[in-house]
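A short write-up of the structure that comes next.
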Amino acid sequence: MTDQFEFTSEERERALTLYSELKEKITGSLEPDDEEKLRLHLHNIIEKNQVKRDLFGLNPIVSSLQTALLVVDEIGLRRDAVVAIMLNPSVEAGLLTIDEATTNYGISVGRILHGLLHLQELYRKNPIIDSERSNFVRQQGENFRNLLLSFAEDMRVILIMIADRVNLMRQIKDTQNIEEQIMVSEEAAYLYAPLAHKLGLYKLKSELEDLSLKYLEHDAYYHIKEKLNATKQTRDTYIKNFIGPIERKLNDAGLKFYMKGRTKSIHSIWQKMKKQKCEFEGVYDLFAIRIIIDCPVEKEKQQCWQTFAIITDMYTSNPKRMRDWLTVPKSNGYESLHITVLGPENKWVEVQIRTERMDEVAERGVAAHWRYKGVKAEGGGMDEWLNSIRQMLENADNGLEAMDTFRNELKDEEIYVFTPKGDLMRFPTGATVLDMAYYIHSKVGSTCTGARINNKAVTFRQELRSGDQVEILTSASQHPKQEWLNIVKTAHAKSKIRQAVKESKQKQALMVKEMLERKFKNRKIEQDESLMMRTIKKLGYKEASDFYRDIAEEALDIQTVIDKYQELAAQKSGTPDGTTIRSAEEFVLEEHIVPATAQNDDVLVIGQDLKGVDYQLAHCCNPIYGDQVFGFVTVSGGIKIHRCDCPNAPEMRRRFGYRIVKAKWSGKGSSQYAITLRIIGNDDLGIVNNLTSIISKDEKLVLRNINIDAHDGLFRGNLTIMINDNTRLEALIRKLRTVKGIKQIERI
């Protein structure tokens with residue numbers, strides 16, 4: 001699907017139609033000669049057929065025009081972003097350089113193109129990875145880290161990427177490339193949708209979630225969709241009856257407004273069904289009513305609260321579900337009043353109250369917010385968030401760490417607390433006193449011992465709640481510790497703690513090294529660096545930093561270190577009895593030749609045809625050669641191999657889809673794997689002998705363990721067998737099932 005292609009007549013017509021529509025919408029923002037240059041550029045690409053289709057066989061020129069329209073309509077970007085999107089296929093194909101684009105269209109377009117090209121190289125769906133690279137394990141995490149660093153340079157890059165992913169998700173509904181469709185959908189659900197939410201692009205966020213659910217959980221999606229279609233008429237009638245009296249009251253008050261009902265997204269309904277463990281009929285708040293007021297900026301709050309008072313006079317409200325983002329907007333600029341009232345037929349209805357300006361910010365997110373407030377918005381909420389992300393990226397030790405921390409930052413809810421002077425601070429849900437201390441200043445965080453919340457003394461582990469008044473307490477004797485990373489929630493605090501702990505360890509190690517050198521010198525012992533590293537490992541330390549820490553904390557006696565060092569030095573020069581230690585090169589193993597069948601020819605290919613990567617087989621599902629498997633990148637950076645039907649697989653894909661890597665078996669399948677079979681059957685005389693007889697007849701099978709328990713005429717047993725691959729396993733299971741009296745055999 002990646003060969004050069006010719007535009008079909010339908011694609012040619014579609015491209016020209018999209019271009020005309022796009023030109024009409026952005027004409028006011030174009031420079032005098034932009035239109036002619038873009039039209040000529042588009043014509044040349046179509047005529048020369050010099051670009052390639054993507055993995056799904058989609059035409060990149062048509063896709064770029066669709067994405068450009070999307071960023072105009074849904075996000076509100078204009079000239080620079082649109083031009084960059086239209087030129088991007090040519091830049092990727094090597095037909096246009098970024099310097100040429102910068103010369104023709106300006107520095108801003110060139111910067112966006114640079115970001116887009118950089119991200120495509122890093123985060124391509126099937127990266128061509130050099131098999132010589134030693135840090136493949138961290139590749140995906142590092143790509144993610146670089147992706148974030150790139151978007152931190154110019155926010156429009158990530159806005160375009162979100163729009164591009166929405167467009168891609170719309171186009172791949174009929175693709176035959178199911179494997180890629182699943183991967184694209186998982187990334188949309190676990191990365192792009194939360195990111196769109198954080199940036200205030202709620203409409204695009206909902207579409208990404210719905211389309212991901214459609215491709216990943218097809219049956220659930222269409223079940224809810226059919227239910228919504230079946231209840232649409234009833235729902236519309238209810239909304240009409242609910243808003244009728246409100247409209248009359250608002251008109252009587254002289255307010256200019258319009259109202260609309262909004263059914264909750266399919267993904268949102270599915271999440272409620274799972275959370276509440278109920279069927280579709282058990283989800284009561286299926287829709288929300290939105291009241292959008294037309295008024296000058298200076299009267300916005302007054303008229304929103306006036307509308308709030310009118311509605312709560314008519315219907316009983318639920319104070320626990322009241323959300324005031326009017327007084328304190330979200331960090332992405334979202335402003336609105338949310339109330340839930342008890343409507344007719346005793347049904348709870350969510351009502352959202354906002355102005356037209358607020359509605360545009362809510363629909364188009366951070367781009368619209370910045371257009372109203374300026375790049376550095378009042379309160380600096382989004383600017384602060386971006387700064388914290390930059391600090392986190394600079395101080396994270398690896399990409400996976402950055403990925404986990406970033407996802408923790410993408411919270412749906414925020415809390416607001418006050419300093420003793422009355423200053424307001426915003427934090428993600430779950431933030432602690434220690435987060436607030438580091439937010440004030442890194443020195444305050446590093447010396448924090450606790451706080452007074454509403455005049456009550458608490459530890460620095462205490463979670464903050466909206467409305468708290470917090471006074472931070474410090475002590476000069478306090479110092480940051482590694483375990484503090486488990487207490488804080490914000491990226492800013494985590495990065496500052498890591499930085500402080502790293503500096504502390506370096507100072508500590510330097511002091512201990514100097515002390516050891518003095519002790520060795522006093523004993524007239526010559527210190528050898530390589531022998532000292534051997535001593536550290538012999539004393540049971542994997543990391544030198546842990547060794548130096550224990551000496552500093554007096555958990556390890558220096559005399560023990562010296563004794564072990566001298567012992568190893570003696571072994572290096574010769575044993576006490578004068579016997580010379582033979583090197584490994586001189587050693588010959590006699591009469592214990594390893595049989596050829598013990599050689600491990602199994603090869604696991606991870607990612608894009610990459611072999612030789614260190615991995616471990618997961619104990620939860622015990623995969624063997626031939627099983628359908630996938631790799632899971634652990635927090636420590638290693639890869640664990642799971643069977644595709646592992647009981648933990650669905651949860652791993654749902655929560656950590658970005659850590660999943662492809663894996664498949666290659667080679668000859670000559671290794672021995674331990675597998676366990678659970679067998680249930682009638683407790684007949686000789687049945688166990690029949691089972692073990694079948695196993696013993698196969699010389700390539702080894703019965704390692706057998707455990708049988710008989711009760712009420714049935715026996716249950718576990719057989720642990722050493723076996724080469726799943727083909728031999730399936731053959732064995734078929735043979736065992738032929739034994740009379742066997743009722744059930746399953747692999748565990």
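For this structure, a couple of remarks:
- Search result, residues across the stretch 280-300 that are more than 16 Å from T340 (Cβ to Cβ) and surrounded by 15 or more Cβ atoms within 10 Å (Cβ to Cβ): F280, I292, I293, C295, E300
- Enumeration of residues in the stretch 715-748 that are assigned to a strand (DSSP E or B), open to solvent by less than 50 Å² (accessible area, probe 1.4 Å) and out of contact with any Lys or Arg (no Cβ under 7 Å at 6 or more places or on another chain): F715, G717, L719, I723, D725, I742
- Residue within the stretch 560-574 that is modelled with pLDDT under 60 and either of a type outside the set (S, T, Y) or open to solvent by 30 Å² or more (accessible area, probe 1.4 Å) (or both) present: yes
- Subset of the stretch 465-480 (residues that are closer than 18 Å to K494 by Cα and under 32 Å from the mean Cα position of the chain (by Cα)): H479, P480
- In the stretch 23-45, the residues that are open to solvent by less than 70 Å² (accessible area, probe 1.4 Å) and either touching a Gly at 6+ places or on another chain (Cβ under 7 Å) or over 18 Å from S108 (Cβ atoms) (or both): L42, N44, I45
- Any chance Q303 is of a type in the set (S, T, N, Q) and farther than 14 Å from L337 by Cβ: no
- Flag if E31 is assigned to a loop (DSSP other than H, G, I, E, B) and out of contact with any His (no Cβ under 8 Å at 6 or more places or on another chain): yes
- Candidates V166, V157 - the one that is crowded, with 18+ Cβ neighbours inside 10 Å, part of a helix (DSSP H, G or I), hydrophobic (A, V, I, L, M, F, W, C) and at pLDDT 90 or above: V166
- Residue among L473, L516 that alone is of a type in the set (A, V, I, L, M, F, W, C) and over 23 Å from E553 (Cβ atoms): L473
- Within the stretch 189-208, the residues that satisfy the criterion of being of a type outside the set (G, A, S), open to solvent by less than 30 Å² (accessible area, probe 1.4 Å) and without any contact (Cβ under 8 Å) to a residue 60 or more places away in the chain are Y192, L208.
- Among the conditions (1) in contact (Cβ under 8 Å) with a residue 40 or more places away in the chain; (2) more than 19 Å from L604 (Cβ to Cβ), S671 misses just one, which is (2).
- Residues that are farther than 21 Å from Q499 by Cα and modelled with pLDDT under 90, drawn from the stretch 465-488: R465, S466, G467, D468, Q469
- Selection of helices (runs of 4 or more DSSP H) fully inside the stretch 67-125 by the criterion of at least 3 residues being of a type outside the set (F, W, Y) and open to solvent by 40 Å² or more (accessible area, probe 1.4 Å) returns 98-105, 107-122.
- When the stretch 302-342 is filtered for residues that are part of a helix (DSSP H, G or I) and not aliphatic (A, V, I, L, M), the ones remaining, listed by number, are Q302, Q303, C304, W305, Q306, T307, F308, T312, D313, P319, K320, R321.
- Candidate set from the stretch 450-464 (those that are more than 27 Å from the chain's Cα centre (by Cα) and surrounded by fewer than 15 Cβ atoms within 10 Å (Cβ to Cβ)); member that is nearest to V501 (Cα to Cα): T459
- Any hit, the stretch 272-279, residues being closer than 24 Å to I415 by Cα and open to solvent by 40 Å² or more (accessible area, probe 1.4 Å): yes
- Members of the stretch 548-559 found to be closer than 27 Å to K481 by Cβ and open to solvent by 60 Å² or more (accessible area, probe 1.4 Å), listed by number: R549, E553, E554, A555, D557
- Qualifying positions in the stretch 683-714 - open to solvent by 50 Å² or more (accessible area, probe 1.4 Å) and part of a helix (DSSP H, G or I): N689, N690, S696, K697
- Checked against the criterion of being among the polar types (S, T, N, Q) and open to solvent by less than 30 Å² (accessible area, probe 1.4 Å), the candidates S495, S530, S545, S504 yield just one match: S495.
- In the stretch 169-188, residue modelled with the lowest pLDDT [restricted to those that are assigned to a helix (DSSP H, G or I) and open to solvent by 30 Å² or more (accessible area, probe 1.4 Å)]: E187
- Of all the residues in the stretch 416-446, those that are surrounded by 19 or more Cβ atoms within 10 Å (Cβ to Cβ), modelled with pLDDT under 90 and of a type in the set (A, V, I, L, M, F, W, C) number 2.
- Selected residue (criterion: nearest to Y284 (Cα to Cα)) from residues of the stretch 247-259 that are part of a strand (DSSP E or B) and open to solvent by less than 80 Å² (accessible area, probe 1.4 Å): M259
- Checking each residue in the stretch 337-356 for being more than 16 Å from R321 (Cα to Cα) and at pLDDT 90 or above picks out R354, T355, E356.
- Selection status of Y284, over 20 Å from K214 (Cα atoms), modelled with pLDDT under 90, aromatic (F, W, Y) and touching a strand residue (DSSP E or B) at 6+ places or on another chain (Cβ under 6 Å): yes
- Hits in the stretch 215-246 - residues which are touching a strand residue (DSSP E or B) at 6+ places or on another chain (Cβ under 9 Å) and surrounded by 16 or more Cβ atoms within 10 Å (Cβ to Cβ): L228, Y238, I239, F242, I243, I246
- The residues in the stretch 299-325 that are without any contact (Cβ under 8 Å) to a residue 40 or more places away in the chain and over 18 Å from P344 (Cα atoms) can be counted, and the count is 12.
- Any chance L255 is modelled with pLDDT of 85 or more and out of contact with any Phe, Trp or Tyr (no Cβ under 9 Å at 6 or more places or on another chain): yes
- Scanning the stretch 681-700 for residues that are of a type in the set (A, V, I, L, M), closer than 17 Å to R734 by Cα and either touching a strand residue (DSSP E or B) at 6+ places or on another chain (Cβ under 6 Å) or modelled with pLDDT under 80 (or both) yields a count of 3.
Yes or no, residue by residue, for (1) assigned to a loop (DSSP other than H, G, I, E, B); (2) at pLDDT below 60:
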position	(1), (2)
T579	yes, yes
E585	no, yes
E590	yes, yes
L604	no, no
Q608	yes, yes
V613	yes, no
C620	yes, no
F632	no, no
V635	yes, no
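The values are calculated or read from the model by the stated rules, or taken from the named source; none is laboratory data. Because the structure is a prediction, the values reported are computed rather than measured. Here the Cβ is made from the backbone with ideal geometry for all residues, glycine too, and neighbour counts use every protein chain on show. These area figures cover heavy atoms from the full protein model, side chains too; ligands, DNA and RNA do not enter into them. Shrake-Rupley method; radii C 1.70, N 1.55, O 1.52, S 1.80 Å.
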